[in-house]
Amino acid sequence: MNDSTPPGHDSQRDGSEPEPDTAAGGRSAPDGGPLNPTPSAAAAAALLEVRRMRDRLTDLSGTLDRLRDLPGRVAEYTEHHQQLAAAVSEDLAPGLAALRQFTEAEFDRQQAQLEEVLAELRRERNSPVDWPALTAEQAEQQWPVLGRWIAEVLVPWYEITRDELPDCWPLHRPALVELSWLRSAHVQAYLRSSPPSVAGEWHQRWRPGVVERLRTVIDRNLCGPGFHLVAEADRQVPRLPPSPGGRVPMSPGRQLAMAQHWQANYDHAFQQDLAWRHQREDG
């Protein structure tokens, strides 16, 4: 090889084929075409963004296609709504009005029944009287209740005698308490809600028991018909005039314990009790 040999021929000394040149003088691709240069990072990013925008436009195009049907759907739903409103107005409204009227009437009826039950319960409220805890105002109400029951129910209907119920019973606090709970038990026995057995127990147990208790709480050696805390030896018992027809007069102890025999003691005990309660409240 001499110095005039072209440079391109020097590379073929190993016997290989020379690489073909492109039209622009660069290297060719494997398929014989021009070899594109490797893109830069900025060009690759721009290409990726173009692809994303193309996909985004495709999605938006599909969304627009679906939105084109929206007015028709709105019109369809509006028509269904109008039909439903008409059905409610024509068919359901009268039924709802009738149901409302029935419900209100039933509620009023139930409320009236409840008021009757509550009124009956209030009438049947029968708590025992706690005499030691009564205020003066409360005691002023309870004394007449007890006195009226003894005068109108216990004595005339059960024929309680002056020996069984001494005239001075209002002056004995234990007797007052015994008679008070006996009255409460009697009221309870004859409530409409009470079974007949309660009345039977009052007759067979409570009334005889209290009558017997009165013999204990009122000492008959000191108290009797017409006497209070007077020993039998010191009593001035008046002689009873003979009854018409020569019959043996009835002894005072066998007489019924009518209010006329104990009214004076009742009034005195009533006023004493109220005075004591007022003093307790003021002190």
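The values are calculated or read from the model by the stated rules, or taken from the named source; none is laboratory data. Treat the numbers as computed from the prediction; the structure is a model and nothing was measured. Counting neighbours? That spans all protein chains shown, and the Cβs are built from the backbone with ideal geometry, glycine included. Ligands, DNA and RNA are excluded from the accessible area calculation, which covers all protein heavy atoms including side chains. Shrake-Rupley method; radii C 1.70, N 1.55, O 1.52, S 1.80 Å.
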Ordering of 255-263, 59-67 by burial proxy (mean other Cβ atoms within 10 Å per residue, highest first) = 255-263, 59-67
Percent of accessible area on the stretch 57-176 owned by carbon and sulfur, 1.4 Å probe?
-> 57 percent
J(HN,Hα) series, the stretch 126-142, from Karplus relation 6.51 cos²θ - 1.76 cosθ + 1.60, nearest Hz, glycine and proline x | 9, 5, x, 8, 8, 4, x, 8, 5, 7, 4, 5, 5, 5, 5, 8, 7
Residue-wise HN-Hα coupling along the stretch 78-86, computed from phi with Karplus coefficients 6.51, -1.76, 1.60 (Hz; x: Gly, Pro) = 4, 5, 4, 4, 5, 5, 5, 4, 5
In order through the stretch 210-218: 3J(HN,Hα) via Karplus (6.51 cos²θ - 1.76 cosθ + 1.60), integer Hz, x for Gly, Pro = 5, 4, 5, 5, 4, 5, 8, 7, 10
Averaged per residue, what accessible surface does the stretch 141-283 expose to a 1.4 Å probe, in Å²?
-> 60 Å²
Given backbone amide H placed at 1.01 Å from N, residues whose amide H is under 5 Å from that of Thr161, ignoring those fewer than 5 places away on the same chain, are Ala257
Starting from the Cα coordinates of the stretch 160-226, work out the convex hull volume and express it per residue in Å³.
-> 73 Å³
